[in-house]
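Remarks on the structure that follows.
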Amino acid sequence: MNAVMLFMTVAMAIVYFFMRPYVYIMIFTFDLSMGQIIKNALYFVILGVKRNFAVLGGTLLLAALNYALFLIITPIGIILPFVITLSIADFAGVYGAYPKILQYMVDKEDAPQTEEE
């Protein structure tokens, strides 16, 4: 029973961390209620599963780089997480989330035009 509860807790934490960039974008971009924002964020976690795992891999790689710097150059390894690592990880999350929100929630008339179009 403890193993099942641990697995469910870890799974919910992963879904929460995948939802966060979608929630932040929808709060500032659309006029939705909190229930709609959470529901849409859960949908986007499923729709953008490949992007979410790519961002997770990049964040883990960044954390490994930070740990390696901590072992090699301790002062930089101590300061880096508080200055740059969290910002880069959040930026990568929003960078991965924005295209799915643009694809499914923004009207085609309001979408920014690209050079291919």
If only one of 37, 46 is closer than 20 Å to residue 107 by Cβ, out of contact with any Phe, Trp or Tyr (no Cβ under 6 Å at 6 or more places or on another chain) and in a helix (DSSP H, G or I), which one is it?
-> 37
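How many residues, within the range 51-68, are more than 12 Å from the chain's Cα centre (by Cα) and among the polar types (S, T, N, Q)? Don't jump to the end; show me each part of the working.
The initial filter retains those residues of the range 51-68 that are more than 12 Å from the chain's Cα centre (by Cα), namely 60-68.
Checking which are among the polar types (S, T, N, Q) leaves us with 66.
Qualifying residue count, the range 51-68: 1.
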Selected residue [of a type outside the set (Ser, Thr, Tyr), touching a helix residue (DSSP H, G or I) at 6+ places or on another chain (Cβ under 8 Å) and at pLDDT below 85] from 99, 81 | 81
Identify the residue in the range 34-79 that is loosely packed, with under 13 Cβ neighbours inside 10 Å and of a type in the set (S, T, N, Q) and, among all such residues, is nearest to residue 15 (Cα to Cα).
-> 36
The range 70-90 residues that are in contact (Cβ under 8 Å) with a residue 60 or more places away in the chain and under 18 Å from residue 58 (Cα atoms), paired with ones that are surrounded by 12 or more Cβ atoms within 10 Å (Cβ to Cβ) and among the aromatic types (Phe, Trp, Tyr) (beta carbon under 9 Å, 6 or more apart) | 90/24
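Name every residue in the range 18-42 that is touching a residue at least 24 places away in the same chain (Cβ under 8 Å) and either under 27 Å from residue 57 (Cβ atoms) or acidic (Asp, Glu) (or both), in order of residue number. Before you say what the answer is, go through the steps one by one.
Going through the range 18-42, the residues touching a residue at least 24 places away in the same chain (Cβ under 8 Å) turn out to be 18-22, 24-26, 29-30, 40, 42.
18, 19, 20, 21, 22, 24, 25, 26, 29, 40, 42, listed by residue number.
The values are calculated or read from the model by the stated rules, or taken from the named source; none is laboratory data. What you see is a predicted model; the values in this text were computed from it and never measured. Virtual Cβ from ideal backbone geometry, glycine too; neighbours counted across all protein chains shown.
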